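Report on the structure given below.
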């Protein structure tokens, strides 16, 4: 067997990796690289850089799959505290690019909001693991406060898209913790009332334009509507079977913007058609379900809530991106998970799957040894 | 905590399983929703989007206009445009270069390798080209500019081997006369981001160069013209299908300057080896006949980006060849302004034509010890205005200025244009300085002293003027008060086969004083050029009547010491100045001359230069190698072939 070729410590380490999930992830990654190759006009350099991103991600996946729920749990408060501190620092001494103050300079520019994508679900999972479940009303309120503090700090930068993603990752944990259905439905009603208020009073002009554009994309073809219009043409003209790999002329012309990052879904849809989309969505659905399944096998409540929260967040990224590119949701800068070009997203997502794998119950042999 | 409920692992596991199951089902529905949307786009609305994708897109290809040419007043060509050849690559058209059956970015390397064997490409060019070609698939990207004759021939023969590579013709600026009049004509250079901020970007899409200095910059809007375009249809692969419409570019206007290039050349030769400035104007219309600042520079160096060495040579040269002394140099005007001061004194009734001042060789404010010396230590005795101008008697003007008072004095001098820009149509003109009480209080937070006024009376102290301001003031004297704006541009030609149309001179409010006062001051200036005057040598044997005034501007503060040109470092020596106009009864030329750190006085150094310029212009003494229209045009297209 292959086991005999590897050093024994690695064999032990790899036993913590869920082979099924890794196999499906690899399939998705392979599809993503093929699409990237086409989207970047056969720029092998770019594909190679993305492969390096995946290898780094894979390494982190294996490393984090070794960390038990008990250990990770201890890090929660510190990571959350550090993240909030950095977010405050961003507002005070942050670096401003394109009108938004989102970065901190520490030799290179870092974006502390990225940390919160992990820190917020971790903190909430930690909080609820200390409390009786289903949570009492007061615990839900405190949990919401833990979500709103970083969310408001990020909205202030302003980065509405990331604030939204981080807030939802927190809400998912609260939902999984067993927040009562009565509270959930009244919360949803509150949001539907607050949304128009936010639109009129709480948004920057460019954010409001994106929503206007969503509601009536053809109204502004030279401005923000252009992206959506072009990506709809690309997807729609792909038809049932697609135009074939490397043959998407919409995406290969200079018409489709951001085609190797946020809009890569349009390239995929044009070249592989509805059939390809069915397969892609099937892969994603399998990954999400598998993630939820692994979470349910978690060692303890913390493991289940964090694993579940990360899995549902993964779905949410997919939903926001594919909804945006197909013209259902407003334009928010969210990459298509594991397919769009970009190091940060790929590395953190692979890492979070490693976390989900690592928090599973230990097999009996280890338990006996322990 | 006693009231803390017991956490039951089994219950919590059960709760999570239910919640996760519900989430899994909701996620399934959400993704089905997305798939439903994709079904709508890709199946139901397929025909609509397929048609939109097939649809032909229109693209606008800009055609840059040809830049206007610049001529002197007699039609001698000063700035020309000649053709140059550029090699451009359209990435989408190069095909499968490396033979792997696909047309991709990798094909570029193969193409460059083959092209490099034919036309040696520099590494810098290749790098710049590659960054561009990555970004634009359907736009021509230049790989090599300024092809030599051999390269043009070599490429023309091998053209079929290079699909997607085209040789394009572009017009490029060229200054056939080189350094001559470079401070007036200026030069063009590559457009940078800073330039784009002040022009209409749509008009400059296809344009590579823009006026950076001189007339090229100040009349950029006339010279540039208006861009045209081809509106073409491209198919889904970006290939041109047909031309929808076309708008021809409108070429820039040809400019005719008031400059007489032969006079300009004469004047530049007169200052050879010196630092200084000369301006000659036609007083009747304000046209600038010559505008000289030496040393000069070769404007051709700047067109395609000056090399670092050439630029640092120009920048670090202590004589500052890039500095336009005629417009930007500010000097104490010295005694040259005495005729204007005289007119001011008469107009303000501080003096009368007959009033006299006793000059013992110095002037002293009552009750003060400090002595203001006349240049003539022995004194001029009893002098009136006419004699004071002829002899440049300092004491007379010390007294005049003191009694007039600084504010009345400087207000009147402003009417002659001192202390404000003349508004000449060249960039970066300096304002100079006409001091007043308020100015000194603002600038130095100190009171104005009567002694300050005394020095201003002989054009020293805080007073600073540019050579063009002096020339402008002389035209006002020559015109008996009529004031016209100095201008370089005389006329324009909108299209090639049209006559040039001459622009009207722009008048300022005239300086209105009694006609007798003008005549008196001008008589004094005429006497300057006659025996007994400070420029008698320069005025000797003239075939026409000249009015002039010499001046010497102090650079070195002489604290009562004795000035000796020979003993003082060259850079601290006085500047020699001369102003004048001729003929007196029908002025055709007005000049101002300044020679920096001259070894002689205004009368010895500057005045003879002024006289020679007048002779050259009025008697047409330009020598045998005079430049005429036809010669320069053949020069530009024949002898100065760009491909040599």
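The table below gives the values:
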| read-out | value |
| --- | --- |
| Residue count for the range B:380-425, restricted to those that are part of a helix (DSSP H, G or I) and in contact with a strand residue (DSSP E or B) (Cβ under 6 Å, 6 or more places away or on another chain) | 4 |
| Residue ranges of helices (runs of 4 or more DSSP H) in the range B:426-500 with at least 2 members in contact with a helix residue (DSSP H, G or I) (Cβ under 9 Å, 6 or more places away or on another chain) and in contact (Cβ under 8 Å) with a residue 60 or more places away in the chain | B:450-456, B:467-478 |
| Of residues in the range A:297-342 being facing chain B (nearest Cβ under 9 Å) and assigned to a loop (DSSP other than H, G, I, E, B), the one surrounded by the most Cβ atoms within 10 Å (Cβ to Cβ) | A:326 |
| Conditions (1) surrounded by 14 or more Cβ atoms within 10 Å (Cβ to Cβ); (2) at pLDDT below 90; (3) under 29 Å from residue B:295 (Cβ atoms): number failed by residue B:145 | (3) |
| Subset tally (residues that are in contact with a strand residue (DSSP E or B) (Cβ under 8 Å, 6 or more places away or on another chain) and either in a loop (DSSP other than H, G, I, E, B) or at the interface with another protein chain (Cβ under 7 Å from one of its Cβ atoms) (or both)) for the range B:17-58 | 1 |
| Residues of the range B:585-610 classified as in contact with a helix residue (DSSP H, G or I) (Cβ under 6 Å, 6 or more places away or on another chain) and at pLDDT 80 or above, total | 13 |
| All strands (runs of 3 or more DSSP E) inside the range A:91-158 with 1 or more residues being in contact with a helix residue (DSSP H, G or I) (Cβ under 6 Å, 6 or more places away or on another chain) | A:100-106 |
| Condition broken by residue B:169, with the remaining ones in (1) under 30 Å from residue B:148 (Cβ atoms); (2) in contact with a strand residue (DSSP E or B) (Cβ under 9 Å, 6 or more places away or on another chain); (3) surrounded by 15 or more Cβ atoms within 10 Å (Cβ to Cβ) satisfied | (3) |
| Boolean, residue A:294 is part of a helix (DSSP H, G or I), more than 10 Å from chain B (Cβ to nearest Cβ), farther than 17 Å from residue B:44 by Cα and touching a strand residue (DSSP E or B) at 6+ places or on another chain (Cβ under 7 Å) | yes |
| Number of positions in the range A:198-214 that are under 25 Å from residue A:113 (Cα atoms) and without any contact (Cβ under 8 Å) to a residue 40 or more places away in the chain | 8 |
| Sole residue being within 20 Å of residue B:19 (Cα to Cα) and touching a residue at least 40 places away in the same chain (Cβ under 8 Å), chosen from A:336, A:306 | A:306 |
| Flag for residue A:94 being crowded, with 18+ Cβ neighbours inside 10 Å and under 30 Å from residue A:361 (Cβ atoms) | no |
| Residues of the range B:286-301 classified as within 14 Å of the chain's Cα centre (by Cα), buried (at least 24 other Cβ atoms within 10 Å of the Cβ) and over 13 Å from residue B:262 (Cα atoms), total | 2 |
| For residue B:310: the one exception among (1) closer than 30 Å to residue B:83 by Cβ; (2) surrounded by fewer than 17 Cβ atoms within 10 Å (Cβ to Cβ); (3) in contact (Cβ under 8 Å) with a residue 40 or more places away in the chain | (3) |
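Per-residue answers, yes or no, for (1) in contact with a strand residue (DSSP E or B) (Cβ under 7 Å, 6 or more places away or on another chain); (2) surrounded by fewer than 24 Cβ atoms within 10 Å (Cβ to Cβ):
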{"site": "A:78", "(1), (2)": "no, yes"}
{"site": "A:85", "(1), (2)": "no, yes"}
{"site": "A:89", "(1), (2)": "yes, yes"}
{"site": "A:122", "(1), (2)": "no, no"}
{"site": "A:125", "(1), (2)": "no, no"}
{"site": "A:130", "(1), (2)": "no, yes"}
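The values are calculated or read from the model by the stated rules, or taken from the named source; none is laboratory data. These numbers come from a predicted model, not from an experiment. Reconstructed Cβ throughout: ideal geometry from the backbone, glycine too, with neighbour counts over all protein chains shown.
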